[in-house]
Amino acid sequence: MGKNRLPGGPSIFLLLLFLLPGDTSPTTEPQYMVLVPFLIHTNVPEKVCIQLTHLNESVTLSATLEYAGENRSLIADVVSEKDVFKCVPFTVPKSSRSSSAFLTVLVKGLTLKFRSRKSVLVKNSESLVFVQTDKPIYKPGQTGTGNQVGNYIQS
């Protein structure tokens, strides 16, 4: 017989079928997932995304950002769908220094209660402007004609 033949033939395949659990369906318990960046830049649009699956009742979904001594509500919604995925845009105002913030997501129903509180780093955004010129250094009053050399200007 051939060398590539599996030992035991079809009988092993049937044995494996009997050893597998009978209920291989995915879980139907309510679940949630919160996606949030670990680093948030100030004055830049950011997003927090929330996924709720297998809901069996209407729930209240709320997200709050605690930053610089104040709580800011990002979303307060009633969700009645069984599965939902929402992304909420927000921006954080510039501060005098880098610090941390807390993002709290609460999902609450008659029998359900999910709560997630995550710490995130907030950093002032830095802009970098790239100016490309045809020579490395210009003297006052000179004008450029091409683009061969690049210089960085920090703003």
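Per residue, the solvent-accessible area of the stretch 31-125 (1.4 Å probe, heavy atoms of protein chains only, all protein chains present) comes to 58 Å². Using θ = phi - 60° in the Karplus curve 6.51 cos²θ - 1.76 cosθ + 1.60, the 3J(HN,Hα) couplings for the stretch 89-97 round to x, 7, 10, 10, x, 5, 10, 6, 8 Hz; x is entered for Gly and Pro. Say R0 is 30 Å: what FRET efficiency, to the nearest 0.05, do residue 54 and residue 125 get from their beta-carbon distance? Once rounded, the FRET efficiency stands at 0.20. Residues whose amide H lies under 5 Å from that of residue 122, counting only those 5 or more places away or on a different chain, are 40, 99, 100, 101; hydrogens are built 1.01 Å from N in the peptide plane.
Taking Lys and Arg as +1 and Asp and Glu as -1, the other residues whose beta-carbon sits under 12 Å from that of residue 53 total -2. Summing Lys and Arg as +1 and Asp and Glu as -1 over all other residues whose Cβ lies under 10 Å from the Cβ of residue 90 gives a net charge of +1. Pairs of Lys residues in the stretch 31-125, spaced 8 or more positions apart or belonging to different chains, with C-alpha separations under 26 angstrom: 18 in total.
Measure off, as a whole percent, the carbon and sulfur share of the 1.4 Å-probe accessible area of the stretch 38-146, all protein chains present.
About 53 percent, which is the carbon plus sulfur part of the accessible surface.
The values are calculated or read from the model by the stated rules, or taken from the named source; none is laboratory data. Because the structure is predicted, anything quoted here is derived from the model rather than measured. No Cβ is skipped: glycine too gets one built from the backbone with ideal geometry, and neighbour counts run over all protein chains shown. When the accessible area is computed, the model is the full protein with side chains, heavy atoms only, and any ligands, DNA or RNA have been set aside. Shrake-Rupley method; radii C 1.70, N 1.55, O 1.52, S 1.80 Å.
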